[in-house]
Amino acid sequence: MQKMLTIISNVLRGSASRNGAELVSEGARVVVSARTYADFTPQATFDIKKCDLHKLEEGPPLQAVLTREEGLQYYRTMQTMRRMELKADQLYKQKIIRGFCHLYDGQEACAVGIEAGINLSDHLITAYRAHGYTLTRGGTVREIMAELTGRRGGIAKGKGGSMHMYTKHFYGGNGIVGAQVPLGAGVALACKYLGKNELCVCLYGDGAANQGQIFETYNMASLWKLPCIFICENNKYGMGTSVERAAASTDYYKRGDFIPGLRLDGMDVLCVREATKFAAEHCRSGKGPILMELQTYRYHGHSMSDPGVSYRTREEIQEVRSKSDPISMLKDRMLSNNMASVEELKEIDVEVRKEIEDAAQFATTDPEPPLDDLCNHIFYNDHPMEVRGINPWSKLKSVS
Amino acid sequence: MAYLRSILRSGKNAVPAVLRREFHRTLPAAVQVTVRDAIKEALDEELERDERVFLLGEEVALFEGAYKVTRGLWKKYGDKRIIDTPITEIGFTGIAVGAAMAGLRPVVEYMSFNFSMQSVDHIINSAAKTYYMSGGLQPVSIVFRGPNGAAPGVAAQHAQCFAAWYGHVPGLKVVSPWSAEDAKGLLKSAIRDDNPVVFLENEIMYSVPFEMSEESQSKDFLIPIGKAKIERKGNHVTLVSHSHVVSRCMDAAAVLAKDGIECEVINLRTIRPMDMEAIETSVMKTKHLITVEGGWPQFGVGGEILARIMEGPGFSYLNAPAVRVTGVDIPMPYAKHLEENTLPQIKDIVFSVKKTLNV
């Protein structure tokens, strides 16, 4: 029942831009479809790759159980993420999105797998390749895209842009490489302090993994047994520098030294989910932090201003796409185990496309934030104040 | 209350006689409190009042504070609320800011604000800018405190004043107390403020006792951030200062009074947002302005005040150009005689006042 509700809520969330009448019929259609598709396999068990372990006696299980509902949900979310990022690519090339835009396509299994292993009441922080996480943490495609285009309907009212998106228990979106790691440990400290049995997932890339403040954080998180899952998304390149050229040790899962670590296939959503569940259990049982290295890949360059082919070959990108694409992997698994039909998945694709189109439409037509908003949100819970403008006669108003 | 007074009277803070100053006439039911103890009172009261407040920094717990500011607090509140950190400023500042994002109210101590340079990215990029960048979604309630500016004999790397650096940043509040009352009332306000506050103490002032009024001994005594205080009224020249240099201004004012020159001494109390109204009102009366600070001259606090006076109503009241008295534009030397000549002394302030008044 819970899974059914999840499916319905996903559909409804996806249809947020349509009018009410359609919403109801959409929900009804899913319920009807689920009943007539009763001859599908409700769940299956899959073998997943063994994780490399560091300072751990045992690792996550070697098999994962996937229900049909879960599979459809992961598929839909990953597909939404993929299409959203590709649409952002388009809008950037049309100069409707400006500045920095770091796309996540190829890495979907990480965001979706992690979220599947924790609760929404847990906390998460990542760096600037954050659109995918903004989605899994509760943001809608509409408000994400409108933030990218800098409109008032954006998740940060257009004030933040690509790298500064926030939702409940999601702390961005951080532009300074490595800074998010101590911040995440601080969130974990608050979790422990407040005693709510929550944890914080703290993500960083292979490039950030060499930052000093990360090692400072490992030390304190370990000393104080903070409920923090450090996750290194190793997509093999820190901007244009391959891991071999940046790190004396590329065993990122071991870099925590005294912190136990796992290295796993970040292209397999089930692998990521099981490892995250394992790590979450470790944290919640009071054992302190744990480190996960997800081996993954980004199809785009570092950002939209990087074609991504000066430091790697097109053949390499193509090879990953054809052999390890996370969405294809899940799709193949579900189809070959009769957990869904080709038509059903195609239908999801169509719905996702529509959702993205609607969101893009909103993101390109919603007006920019008004000039009156320029100086607002400097301070929280404070009386209105005057802000000096560009010339001495320009006195602007700021409210909390 | 009587218990508190007896503690303070028997306090064994080493106060060299030469530093002891009597600034105010004794009032009924007032009490002598050092700046150090006033800060500790503020921390103690706010820790007691709000479960979410906690302290972290190097040596704040077991060692009772490098400058003994947090003496007794760890014994009273324990490991959870008073946390000793390793010597990793950027790491523990980031952790503190993250904890603030998740709803706690950390007070971070820097053994010296010189060490905060390692953490400046978190103070500015993770704390100050976040409420704005998130369009109002993510506030950061945090206080960064510690000794700032000159201290005797500590030399170049340990004597820099950061008022201008932090004062430059929108999204931060920057407070620079002088007296014990300032320290207590402003720190309590800073901790209760839902925004990032940089609280610049000064080591020279820690041991200086001040009269604390009856009112200031209340647990709800707050001084609003952003309001300056006129420490001494006068009609001939306005001296604007902050932190330990206010003492020098008061001394200089006493010397000048013998020559019939009455200085109005303004204690800024807050660097950002700055109380320009108080300065302008004073300038309109005295028609002469001198800013006095310990920091470097270029792009300093004084430079900002003078620029704003130029741009505001106060300009047309000036009878002479407004000037700045600052530290010498050099790294702080070690030798005593050199060090003394690097910071504004009484004679420097007296000289500048007489020059400005053309006497």
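The values are calculated or read from the model by the stated rules, or taken from the named source; none is laboratory data. Predicted, not measured: the structure shown is a model, and the values here were computed from it. No Cβ is skipped: glycine too gets one built from the backbone with ideal geometry, and neighbour counts run over all protein chains shown. When the accessible area is computed, the model is the full protein with side chains, heavy atoms only, and any ligands, DNA or RNA have been set aside. Shrake-Rupley method; radii C 1.70, N 1.55, O 1.52, S 1.80 Å.
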From the backbone phi of the range B:163-169, what are the Karplus-calculated ³J(HN,Hα) couplings (6.51 cos²θ - 1.76 cosθ + 1.60, θ = phi - 60°) in whole Hz, Gly and Pro given as x? 4, 6, 4, 6, x, 6, 9
Dividing the Cα convex hull volume of the range A:209-261 by residue count, how many Å³ per residue is that? 78
Restricted to Cα positions, what overall size does the range A:43-369 have along the principal axes? Three whole-Å values, descending. 51, 47, 43
Which value, in debye to the nearest 20, gives the size of the charge dipole of the protein assembly as shown about its Cα centre, when Lys and Arg are +1 and Asp and Glu are -1 at the Cβ? 960
Ignoring ligands and nucleic acids, chains A and B bury, in total, an accessible area (1.4 Å probe) to the nearest 100 Å² of about 3500
Nearest 0.05, what FRET efficiency do residue A:336 and residue B:213 give at R0 = 56 Å with Cβ-Cβ as r? 0.10
Rg/Rh for the protein assembly as shown: what does it come to with C-alpha atoms and Rh from Kirkwood? 1.05
Please report, in whole Å, how far the alpha carbons of the range A:200-307 spread along each principal axis, starting with the longest. 44, 32, 21
What number, in percent, do you get for the relative contact order of the range A:43-369 if the mean sequence gap of Cα pairs under 8 Å and at least 6 apart is divided by its residue count? 25
B:47, A:194, ranked by accessible area, largest first (probe 1.4 Å): A:194, B:47
Using alpha carbon positions and the Kirkwood radius, the Rg to Rh ratio of the range B:229-357 is 0.95
Sort B:145, B:52 from largest to smallest accessible area, using a 1.4 Å probe on the heavy atoms of the protein chains. B:52, B:145
Whole-Hz couplings from phi, Karplus 6.51/-1.76/1.60, listed for the range A:318-334; x for Gly and Pro: 4, 4, 5, 4, 7, 9, 10, 4, x, 6, 4, 4, 5, 4, 4, 4, 5
Take chain A, mark every one of the chymotrypsin sites (Phe, Trp or Tyr not before Pro) that falls in a DSSP loop and has at most 11 other Cβ within 10 Å, then report the longest stretch left between them, sites excluded. A:1-257
For q = 0.13 Å⁻¹, Debye-computed log10 I/I(0) when each Cα of the range B:33-217 counts as one equal scatterer: -0.60
Any lysines with Cα under 24 Å of the residue A:346 Cα? List them, leaving off those in the same chain fewer than 8 positions away. A:3, A:87, A:323, A:331, A:354
Cα-based count: Lys pairs in the range B:229-357 below 16 Å, eight or more positions apart or different chains? 9
tail above 16 Å in the computed P(r) of the range A:177-231, as % of all Cα-Cα pairs, reads 33
By the gyration tensor of its Cα atoms, with a ≥ b ≥ c the square roots of the eigenvalues, what is the shape of the range B:150-206: rounded for a/c under 1.5, prolate for a/b over b/c, or oblate? oblate
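For peptide A:381-388, compute the average count of partner chain beta-carbon atoms within 10 Å of each residue's beta-carbon.
Partner-chain Cβ atoms within 10 Å, mean over residues of A:381-388: 3.
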Given axes a ≥ b ≥ c from the Cα gyration tensor, I'd like to know whether the range A:230-384 is rounded (a/c under 1.5), prolate (a/b larger than b/c) or oblate. rounded
Averaging sequence separations of C-alpha pairs under 8 Å and six or more residues apart, then dividing by the length of the range B:229-357, give the relative contact order as a whole percent. 28
Scan around residue B:32 for amide H atoms under 5 Å from its own, H built in the peptide plane at 1.01 Å from N, and keep only partners 5 or more places away or cross-chain. B:212
DSSP beta bridges in the protein assembly as shown [antiparallel fraction, %, rounded to 5]: 30
What do you get for Rg/Rh over the range A:39-175 if you use C-alpha atoms and the Kirkwood form of Rh? 1.04
Once the range A:42-113 is represented by equal point scatterers at the alpha-carbon sites, with solvent omitted, what log10 I(q)/I(0) does the Debye formula produce at q = 0.16 Å⁻¹? -0.75
Stokes-Einstein diffusion coefficient of chain B, Kirkwood radius over Cα pairs, 20 °C, 1.002 mPa s, in µm²/s: 103
Is the shape of the range A:135-260 rounded, prolate or oblate, going by the alpha carbon gyration tensor and its root eigenvalues a ≥ b ≥ c, with a/c under 1.5 for rounded and a/b larger than b/c for prolate? oblate
